[in-house]
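Below is one structure, written out as structure tokens; the observations come after it.
The values are calculated or read from the model by the stated rules, or taken from the named source; none is laboratory data. Computed from a prediction, not measured in an experiment: that's the story for all the values here. Cβ sites come from the backbone with ideal geometry, for glycine too, and all protein chains shown count toward neighbours. What goes into the accessible areas is simple: the full protein's heavy atoms, side chains included, and nothing from ligands, DNA or RNA. Shrake-Rupley method; radii C 1.70, N 1.55, O 1.52, S 1.80 Å.
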Amino acid sequence: MHYFITTPIYYANDAPHIGHAYTTIAADVLARYHRRVGDDVFFLTGTDEHGAKIAEAARQAGMDPQTFTDRIAEEYRAAWGRLEISHDGFIRTTSPRHKDAVGVFLQRLYDAGDVYRGRYEGFYCVGCERFLTEDELVSGLCPLHNRPPVPYAEDNYFFRLSRYQDALIRGLTNPADPNHYEVDPPARRNEVLGKLNVGLSDISISRATLTWGIPLPFDPGQTTYVWVDALINYVSAIGYVDDPATFQRYWPANLHLMAKDILWFHAIVWPAMLLSAGLALPRRIYAHGFFTIGGQKMSKTLGNIILPAELVERFGADASRYLLLSEFPFGTDGDVSLESMTARYNADLANDVGNLLNRTVAMVNRYCQGAVPEPGPAAPKDDDRKDDDRKDDDRKDEDLRGSAQQAVAEMHRALGALEFHAATAAIRGLATRANKYVDETAPWVLARSDRARLGTVLHNLVETERILSELAWPFLPSASEEMASQLGVPLGVAGDWSGGALAWGQLPVRTRVAASPRPLFPKLLT
Ligand code: MSP
């Protein structure tokens, strides 16, 4: 199956902060997950580089906008590299392929009779890059950016958004409609439906006086409105104009991911543009919540911005990914703080996952010279253990194996539902369960009293951790590989997730663990 997943393209007016990282990591986890289940994945991210906001930032930096955005785009690439983001495409809206696609796309809207010339008067917020209605203003200011919007009166081109109201309502509400698309979570879908039911006004899609943008194909004297330009990235990046085969392969997108701030553009404007251009609608649009830092909105003015590099320095890339997605449910707002992330790092990663690996590798070395025992033969009837003891052992083994299978099922369910915090809880839960298995089977006692049972226990532990390293990989790519390498079973040794990788009993014979454990997640001082 093809799987095309996108993040928003972020404004190239400043370096990325962890808000941008949040969406991008979530998309990366899904992309990695879909690759492991065997899908043909295209994961797209990039930068939004035109418009008044970027032109202003460049001016303030004393640079021409192209040089300025070249620099910011590099900062994005570097940040995503540090976070092990595995995107297949990085689109910049100043690239020739994107500019060409915008021209072709807009010409199609024009030819469909959906573009007309008119006069726009209103208030424009450069921070938001959109017009605000009077009732959105608070004491005359944009409530998000705390500054007055710019009065604006120009002759512009308009897109007949109003024409698509009924088609969008049908598409959103009727799964059998040829233009069916989904908006999630349900509260967001209701919001979108509410707006659709109230009615849509046509929108201005060009600027007469702003030069930092893509000229309209039917009137090069005007530039394309930055949001219209930006939305087209989702098709330009997969070859809408210059690579029809790739375009056919991946369009329509399976998932557009973003926060709720920009849902209107994705759930209403973009689908209407696609209908007008004669293209299929994305299958699913998901708007997650916002996070705050220590209870406050992250903002430059408050000085509480956390940069991805700071997180990576403190926790490492893998743990940063895991921690950001564990703090609160994806669809809601929530707070993140370095304190709670540090506490979770120590509890989930240093203690549970890290310690489990450490003690397992140490025990296999100490008791079995590094060779993972083969699963013990069924205990002979006449061994000197009582039947009750044997049943008790079987129950513990069954329970561990059941927990591993449950974690696998939960991972599939949670990632299908975009419940990243539940998916990370499944990782941690399995590590906790395996640590409990160590405590209740007490291998250090078995080493003296029952070698056969010791072999079974250690084998079960390594097998559980092999599955754990597979399951954790979308979140903790390097740590999982390191875990698998210390266990002596490379990831994927039993195929991908649709094959045997997650099934119990795949541990290769004659597996040898590393000669000594290396800490995966060194404990942090609080
Ligand atoms: N350039 C537009 C998007 C165009 S897409 C065709 C834009 N850029 S942005 O840089 O402002 O990025 C907004 C997105 O960044 C949000 O939708 C969300 O994905 C992410 N986030 C930014 N701050 C965030 C939080 N504090 N919390 C959660 N997500 C955050 O809008």
Quiz prompt | Area of THR526 that stays accessible when all protein chains are in place (1.4 Å probe, Å², to 10) | solution = 150
Quiz item: What is the dipole size for the stretch 338-498, taken about its Cα centre, with +1 at each Lys and Arg Cβ and -1 at each Asp and Glu Cβ, in debye to the nearest 20?
Solution: 220
Quiz item: Where in the chain are the DSSP H helices whose alpha-carbon span along the long axis reaches 27 Å or more and whose Kyte-Doolittle mean is at least -1.0?
Solution: 420-441, 451-472
Practice problem: Mind ranking TRP504, TRP227 by accessible surface for me, highest first, 1.4 Å probe? | Solution: TRP504, TRP227
Exercise. Working with all protein chains in place, sort TRP212, TRP444, TRP497 by solvent-accessible area computed with a 1.4 Å probe, largest first.
Key: TRP444, TRP212, TRP497
Quiz item: Per-residue ellipticity at 222 nm for the chain, helices alone: DSSP H runs ≥ 4 residues times -39500 (n - 2.57), over residue total, nearest 500 deg cm²/dmol?
Solution: -14500 deg cm²/dmol
Exercise. Based on the mean of other Cβ atoms within 10 Å per residue, sort peptides 245-253, 345-353 so the most packed one is first.
Key: 345-353, 245-253
Self-check item: Computed magnitude of the charge dipole of the chain (debye, nearest 20; Cβ of K, R +1, Cβ of D, E -1)
Solution: 480
Quiz item: For the chain, can you list the cysteines whose C-beta has no other cysteine C-beta under 4.7 Å from it?
Solution: CYS368
Quiz item: Label points 7 Å out from Cα along the Cβ direction at ASP388 and HIS412: separation in nm?
Solution: 3.9
Practice problem: May I ask which residue of LEU30, GLY294, GLY495 lies farthest towards the positive end of the charge dipole of the chain, with charges of +1 (Lys, Arg) and -1 (Asp, Glu) on Cβ and the Cα centre as origin? | Solution: GLY495
Quiz item: With the dipole of the chain worked out from charges on the C-beta (+1 for Lys and Arg, -1 for Asp and Glu) around the Cα centre, which of PRO508, ALA452, TYR250 lies farthest toward the positive end?
Solution: ALA452
Exercise. Kindly report, to the nearest 10 Å², the accessible surface of TYR110 as traced by a 1.4 Å probe over protein heavy atoms only.
Key: 90
Quiz prompt | Under 13 Å, Cβ to Cβ, from PRO65 - net charge with Lys/Arg +1 and Asp/Glu -1 | solution = -1
Self-check item: Accessible-area ranking of ASP399, ASP219, largest first, probe 1.4 Å
Solution: ASP399, ASP219
Quiz item: If ligands, DNA and RNA are left out, what is the accessible area of THR441 with a 1.4 Å probe, given in Å² to the nearest 10?
Solution: 10
Exercise. Please give the contour-minus-distance gain from ASP333 to ARG510: 0.36 nm per residue of separation, less the Cα-Cα distance, rounded to one decimal in nm.
Key: 58.9 nm
Exercise. Would you pull out the residues with amide H under 5 Å of TYR225's amide H, same chain only if 5 or more places away, H placed 1.01 Å from N?
Key: SER206, ARG207
Practice problem: Express in nm, to one decimal, how much length is gained between ASP439 and ASP111 on full extension, taking 0.36 nm for each residue of separation and deducting their alpha carbon distance. | Solution: 110.9 nm
Self-check item: Chain lengthening between ASN197 and ASN174 when straightened (0.36 nm per residue, less Cα-Cα)
Solution: 6.8 nm
